[in-house]
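Each remark here refers to the structure printed beneath this line.
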Amino acid sequence: RIRTIKKSEAMNIYHALVNIVGKDRVSNSAEERYLYSRDPGAQLPRTADYVVIPRTVEEVQDIVVLANKTKTPLVPLGGGFTLSALVVPTRGGIVLDMRKMNKIIEVDEVNRYAVVEAGVSQGALKSYLTKNHPRLQHSTPEAPPTVTVVGNALIQGHGHLSPKYGINSDMINGMEVVLP
């Protein structure tokens with residue numbers, strides 16, 4: 001069942017999102033929503049009500065709480081390169097574009113791990129490791145370098161290390177997940 005958002009409720013949600021992340025990182029313009037209503041695949045477009053670009057975990061937490069409180073669907077977006085509409089909203093709501101959460105927080109060469117935010121691309125991680133930790137191997141996926149590390153792992157992507165260590169999601173040993 002598709003839930004429709006009343007005009008008064010929509011203004012409240014929009015203003016609440018602006019209060020969380022600021023006006024420059026929230027949009028409900030037709031042009032912006034159009035861009036987020038499709039992916040490179042063949043699926044039909046489906047339009048979101050809002051696009052929000054958080055920078056911090058706290059902003060994500062506040063957005064998730066708001067979406068849960070108002071029963072507004074929430075779709076997280078990493079690189080947006082899936083071909084099967086995994087990041088296209090099916091019932092409107094909020095698209096949470098994670099691209100500003102793109103920090104590589106920690107790399108431990110001895111224990112062979114990296115801690116990254118949700119918007120870090122495979123290409124950014126590979127470039128950083130090549131420059132700063134050339135002895136570490138990175139499971140480069142069979143995808144464009146702009147796909148995110150998290151997105152590739154969540155769809156159980158493969159990389160050149162997959163035959164030895166398993167699919168990319170098998171190489172994750174921890175995640176911070178925000179729930180409503």
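The values are calculated or read from the model by the stated rules, or taken from the named source; none is laboratory data. This one's a predicted model, so the numbers in the text were calculated from it and none came from an experiment. Glycine gets a Cβ as well: all are built from the backbone with ideal geometry, and neighbour counts include every protein chain shown. These area figures cover heavy atoms from the full protein model, side chains too; ligands, DNA and RNA do not enter into them. Shrake-Rupley method; radii C 1.70, N 1.55, O 1.52, S 1.80 Å.
Conditions tested, residue by residue: (1) at pLDDT 85 or above; (2) open to solvent by less than 70 Å² (accessible area, probe 1.4 Å); (3) outside any loop (DSSP other than H, G, I, E, B).
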| position | (1), (2), (3) |
| --- | --- |
| Ile13 | yes, yes, yes |
| Pro45 | no, yes, no |
| Lys69 | yes, no, yes |
| Gly80 | no, yes, no |
| Leu83 | no, no, no |
Q. Which ones in segment 137-153 are among the polar types (S, T, N, Q) and under 16 Å from the mean Cα position of the chain (by Cα)?
A. Thr146, Thr148, Asn152
Q.
If Arg25 meets every condition in (1) farther than 23 Å from Pro180 by Cα; (2) out of contact with any helix residue (DSSP H, G or I) (no Cβ under 8 Å at 6 or more places or on another chain); (3) modelled with pLDDT of 95 or more apart from one, which number is that one?
A. (1)
**Q.** Residue check, Val60 out of contact with any Gly (no Cβ under 7 Å at 6 or more places or on another chain) and either open to solvent by 30 Å² or more (accessible area, probe 1.4 Å) or free of Cβ contacts under 8 Å to residues at least 60 places away in the same chain (or both)
**A.** no
Q: State the number of residues belonging to segment 85-101 that are modelled with pLDDT of 90 or more and over 18 Å from Glu117 (Cβ atoms).
A: 1
